[in-house]
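Quick note: the coordinates plus some simple rules give every number you see, no bench work behind them. Because the structure is predicted, anything quoted here is derived from the model rather than measured. We place every Cβ from the backbone using ideal geometry, glycine too, and count neighbours over all the protein chains shown.
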Amino acid sequence: MSQKIEFTRRSALLAGGGAALLPLRPAFAAYPERAVTLSVSFPPGGATDILARILAPPLSEALGKPVVIENRGGAGANIGIGYVARAAGDGYTLLVTSSAFVVNPSLYRNPPYDPFRDFAPISTLGASPNVLAVRPNSGIASLQDLIAQAKASPDKFNYASPGIGTTPHLAGELLKLRAGFEMQHVPFSGAGPATQAALAGTTQVISAAQGSVMAQLRSGELRAIVQTGATRAADLPDVPTQEELGIKDANSETFLALFAPAATPAPIVELLAREVVKVLQRPDVQERYRQAGAPVVGGGPEELRARVAREVPIWREVIQVSKISVQ
């Protein structure tokens, strides 16, 4: 009798477990069954858009379905990020965004998303260190020289950035905070205008993502005095990191990453992560990302989750201490 009862109990558990799994099967068993949309949180032509368009064709080949790009720029990336945060968690609408993802929750009063609750990380795509650069005839020989001159004449120096709340802007503020010197921030409406201001001498210094000023660094129109990555950049092997110069806890990158809405089933996230990482390991993709100024990272969900957990509080500190806000 007891064996019969035990058998019946086990059968009920198995049946119940099977019933619990059945509704999920149609959601991902044949995924994808139609086109997948990469929703880019910036207008066409920027680094985020370029990296998404490099990723889309080989990812389409891997998935066996079209991968299309949809640009939803505006409000410092909040429009696009908020749109995907509210999208169905079915794996057909994914977010390609930048470091704005970890900055905006502290920069804006009412951001339309929570970076921890509303998204499932898939993978970092590429990342570029920020650089501080000067004109060769600026009279600034090194970062140590800039800091010494700025401390001696606190009102003398200013620096250009692509805009308020961008990671190059925050990298400049973080450097000032850690090194204890003053330098006035001059925001522009993008990396192009900021670069022109530095070239024209309107500002003495520019803080920018490496990729956005690489042409000027190669031509010698600008000279990098420090870069903000954890290690020296392959394309700038002679430019020291902040850590090498004794400035601790100031590492930063402008990164581009892929996310899914939080409700996306884990098997779909795992499939996407696996295929995206494979695509990013292709030499042709790596070369195109390098040329775009954002070398491949491709660490998968755990690397991206750790990056978000690390950077949200770092930028919150910088924004609060520096009293940065956008209207």
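Summary of values
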item: Charge tally in the Cβ shell below 12 Å around Glu182, where Lys, Arg are +1 and Asp, Glu are -1, Glu182 excluded; result: +1
item: MRE, 222 nm, helices only [DSSP H, n ≥ 4, -39500 (n - 2.57), over the chain, to nearest 500]; result: -14000 deg cm²/dmol
item: Gain in span if fully extended, Lys323 to Glu182, counting 0.36 nm per residue against the direct Cα distance; result: 49.3 nm
item: Arg117-Lys151 pseudo-label distance in nm [points 7 Å out on the Cα-to-Cβ vector]; result: 4.5 nm
item: R0 of 41 Å, Cβ-Cβ distance Ala35-Ser219: FRET efficiency to nearest 0.05; result: 0.50
item: Net charge over other residues, Cβ less than 13 angstrom from the Cβ of Leu146 (K, R count +1; D, E count -1); result: +3
item: Volume in Å³ per residue [convex hull over Cα atoms, computed for segment 129-227]; result: 81 Å³
item: Listed peptides 258-264, 304-310 by packing density, highest first (mean Cβ within 10 Å); result: 258-264, 304-310
item: Read-out Rg and Dmax of the Cα atoms in Å, derived from the coordinates shown; its label in (i) 19.8, 63; (ii) 22.9, 94; (iii) 21.1, 85; result: (ii)
item: Spin-label proximity, Glu243 to segment 290-305 - amide N less than 19 Å from point 7 Å beyond Cα toward beta carbon; result: 295-299, 303-305
item: Value of relative contact order over the chain, rounded to a whole percent, pairs C-alpha under 8 Å and six or more apart; result: 25 percent
item: For segment 53-60, 3J(HN,Hα) per residue [Karplus equation, 6.51 cos²θ - 1.76 cosθ + 1.60, θ = phi - 60°, Hz, x = Gly/Pro]; result: 6, 6, 6, 4, x, x, 5, 4
item: Cα centroid separation, segment 244-270 to segment 120-177 (Å); result: 22 Å
